[in-house]
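The values are calculated or read from the model by the stated rules, or taken from the named source; none is laboratory data. Just so it is clear, the model here is predicted, and its values are computed rather than measured. FYI the Cβ positions are ideal-geometry reconstructions off the backbone, even for glycines, and counts take in every protein chain you see. Just the protein is used for accessible areas: all its heavy atoms, side chains included, with ligands, DNA and RNA removed. Shrake-Rupley method; radii C 1.70, N 1.55, O 1.52, S 1.80 Å.
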Amino acid sequence: MSARTKKSLVILISIPAAIIGLLLLLARIMEPGVVSFAGNTANPETSYINPDKFYIAKGGIEIVPGEHVDYADMHNFTGDMRPQDALTKIYEKYPHFSADTLSDVYSPECLWNKDYIATACMLLKLPASVEYSMIFPGDFSAYIIYVNGRKIYEYDKLSDGTYLNPAPRLIKLPYNSFGRYEIIVTVNSPKGYGVSGFDTILIGTDEKIASAYNLYRDLNLLTLCFIVVTLVFIAMQFVAFKGGKKLTAFCLYFLAAFLYVFTKDEFSLITTGLSVPLPLMLLLKSVATPIYTSSILFICYALFPEVFPKKLVHTIVFLQIFPIISELSFRSFDILTYISDLVLILPLVPCLYVFLLSFEASKPYSLRFGICIFFVEADILMRHTTYNLAVPLMFDYFPPIGAFMVLNVLMMADKYKTQNVTESYYKDELNKYLGALQASENAFLNAQIKPHFLYNTLNTIADLCVTDPEKAKGLIDSLTEYLKLILELDNMEEQVSLKRELELANAYTAIEKERFPSINFYRDYPIKMPDISLPALTIQPLIENAIKHGVRKSNRPGAVTLRIVDAPDKVTFFVSDNGVGMNEETIRGLFNEPKENKSIGIYNIDKRLKNQYNEGLSIDSTIDLGTCVTFTIPKK
């Protein structure tokens with residue numbers, strides 16, 4: 001095992017452990033106190049609480065399964081509560097069991113058809129000097145809450161077949177001069193409904209509970225805003241750099257992260273003010289985690305395609321169907337739930353494997369990507385260790401999402417740095433060739449290489465230096481080849497090999513293809529290229545005319561084709577396009593000598609071919625269909 005592999009394994013273990021340790025330390029520092037309900041005791045002792053802290057209220061909850069208890073039948077008092085009150089009558093009339101938290105309602109005893117139905121009874125005595133509030137978890141779609149004989153909260157939409165979107169309930173307890181609180185809570189929820197980040201009841205002074213509630217809500221808003229701003233930032237990069245696998249992968253990741261946070265935390269609905277129908281919410285919830293973990297695989301592939309185990313990943317992505325089925329079936333089947341929980345962490349396996357290989361090979365971004373994966377790993381582990389508002393789940397959302405944001409920013413910084421170096425280098429190279437052009441006194445060269453052609457090509461290269469340095473390099477290579485071939489010509493009458501003439505044409509079409517991506521260039525050559533010579537600059541000007549006067553004036557996608565037909569005694573060339581075409585009068589005008597002969601056009605090519613072979617150009621054109629220019633070179 002190499003030293004670098006050992007280092008990667010140390011990172012693999014130490015970073016998640018450090019993250020989890022830090023969050024658990026934070027949890028310990030902020031750990032709330034615990035108070036217990038009195039159970040079925042009629043005369044509870046006073047639970048003294050610190051007004052500067054909030055508390056988890058757990059234990060001593062009596063649950064009546066399968067019943068919506070009508071409090072009016074139990075009401076035999078007015079004013080402040082007295083011992084031997086309605087709770088005693090409930091315990092006498094209905095079977096009940098003791099529980100630690102309200103989430104114990106999700107037990108087989110409370111399942112009625114497809115809904116969990118129960119009434120939870122709680123008795124608590126607190127100092128009467130201050131007023132108190134409670135937060136009930138958002139695991140239930142219907143709540144009816146009585147405190148000391150008064151109905152203080154009701155939200156029940158079960159009667160019309162719809163359900164309240166999950167959200168914690170902040171309930172202010174009515175002031176009681178004895179500090180005795182009898183709380184009866186009727187809850188109802190369909191299977192698979194609960195998505196709460198905590199499953200306990202929190203209690204404290206009004207001020208303390210309100211601040212905790214607002215903190216959690218604000219952290220959620222901050223997280224959602226952070227994801228949206230990051231997504232907009234990456235989308236702007238995507239547009240500026242014209243896409244690419246890496247930016248596409250990051251866009252998908254942050255879209256998935258937004259869906260993941262939105263569906264996994266009940267405060268998202270409060271924060272955004274959205275009301276999502278339950279069937280849609282359950283569908284989004286079922287696909288959120290599989291999409292989130294799969295999006296990390298896409299980033300892994302975009303960064304390290306050469307070591308990415310595609311076959312294994314295809315299997316893992318296919319297996320993500322199990323968590324979706326489990327959620328849509330309301331996690332009704334235990335074995336399917338266990339399989340789903342295992343499948344959801346499988347995407348981390350190929351990511352860690354790719355990290356080990358890429359880090360060993362010292363590939364760019366390998367360590368940064370590994371840190372991001374470790375944050376995700378820590379996030380998944382932390383979800384099984386935090387359960388209350390003291391350490392909000394927002395804290396474990398932030399590390400992986402923030403790490404991927406930092407990774408994207410660092411990648412963009414490297415990209416800009418590389419582009420600046422590349423742009424400087426290519427500018428120097430271009431200046432060398434432009435200096436050679438300016439120093440040349442070759443009249444033929446000055447006539448053929450038109451200023452606007454060079455100007456437009458250089459503008460295209462300048463844009464590509466920012467958006468796509470690799471394409472800029474290819475275009476500069478093509479322009480370099482084109483200029484080199486032109487500079488080596490002495491006069492228009494010079495004979496060049498067919499191979500050289502085609503090299504010039506290919507360099508030119510490569511430039512034009514980059515300038516006009518909608519134009520396609522096609523070649524139809526014989527298998528064995530004929531060994532002939534022809535006048536210099538015969539083919540390239542014909543292709544230029546096809547582009548400039550044919551396809552660029554047409555509204556449909558352009559196509560220019562160069563076809564070479566080899567016969568025993570001659571070679572025939574066809575340059576065709578699907579442009580606007582010409583009428584007969586326009587065609588005849590092309591063969592007239594221009595008043596100012598400053599460039600190589602149809603007239604000059606035709607004249608040179610006739611001088612050497614007694615046969616010039618032939619033009620066949622149809623309006624709105626296109627043009628085909630033909631010439632023949634005899635074999636010696």
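Somewhere in the stretch 331-347, is a residue part of a helix (DSSP H, G or I), open to solvent by less than 50 Å² (accessible area, probe 1.4 Å), at pLDDT below 85 and under 22 Å from residue 404 (Cα atoms)? Among the residues of the stretch 331-347, at least one is part of a helix (DSSP H, G or I), open to solvent by less than 50 Å² (accessible area, probe 1.4 Å), at pLDDT below 85 and under 22 Å from residue 404 (Cα atoms), which makes the answer yes. Being among the hydroxyl-bearing types (Ser, Thr, Tyr) and exposed (fewer than 14 other Cβ atoms within 10 Å of the Cβ) is not true of residue 353.
Examine the stretch 206-226 for a residue that is more than 30 Å from residue 135 (Cα to Cα) and open to solvent by 10 Å² or more (accessible area, probe 1.4 Å), and state whether such a residue exists. No, the conditions are met nowhere in the stretch 206-226. Of 524, 577, which residue is open to solvent by 60 Å² or more (accessible area, probe 1.4 Å) and at pLDDT 90 or above? Only one candidate qualifies: 524. Taking the numbered list (1) open to solvent by 50 Å² or more (accessible area, probe 1.4 Å); (2) of a type outside the set (A, V, I, L, M); (3) touching a Ser or Thr at 6+ places or on another chain (Cβ under 6 Å) in turn, residue 588 passes all entries but (3).
Do any helices (runs of 4 or more DSSP H) entirely within the stretch 391-510 hold 3 or more residues that are open to solvent by 50 Å² or more (accessible area, probe 1.4 Å), hydroxyl-bearing (Ser, Thr, Tyr) and modelled with pLDDT under 75, and if so, which? Qualifying helices (runs of 4 or more DSSP H): 394-439. When the residues of the stretch 601-629 are filtered to those that are of a type outside the set (A, V, I, L, M, F, W, C) and open to solvent by less than 30 Å² (accessible area, probe 1.4 Å), the one that is farthest from residue 587 (Cα to Cα) is 608. Out of curiosity, is residue 542 modelled with pLDDT under 90 and under 26 Å from residue 587 (Cα atoms)? For residue 542, the condition - modelled with pLDDT under 90 and under 26 Å from residue 587 (Cα atoms) - is not met. Restricting attention to the stretch 547-561, and to residues there that are open to solvent by 10 Å² or more (accessible area, probe 1.4 Å) and in contact (Cβ under 8 Å) with a residue 24 or more places away in the chain, which single residue is farthest from residue 621 (Cα to Cα)? Among those residues, the one meeting the criterion is 557.
Out of everything in the stretch 97-129 that is in a loop (DSSP other than H, G, I, E, B), open to solvent by less than 50 Å² (accessible area, probe 1.4 Å) and not polar (S, T, N, Q), what residue ends up being nearest to residue 202 (Cα to Cα)? Walk me through it before giving the result.
First, the residues of the stretch 97-129 that are in a loop (DSSP other than H, G, I, E, B): 100-101, 106-107, 113-114, 126-129.
Right, trim to open to solvent by less than 50 Å² (accessible area, probe 1.4 Å) and you get 101, 107, 126-128.
Still in the running and not polar (S, T, N, Q): 126-128.
Numbers: 126: 14, 127: 17, 128: 18 Å.
Once the filter is applied, the top-ranked residue is 126.
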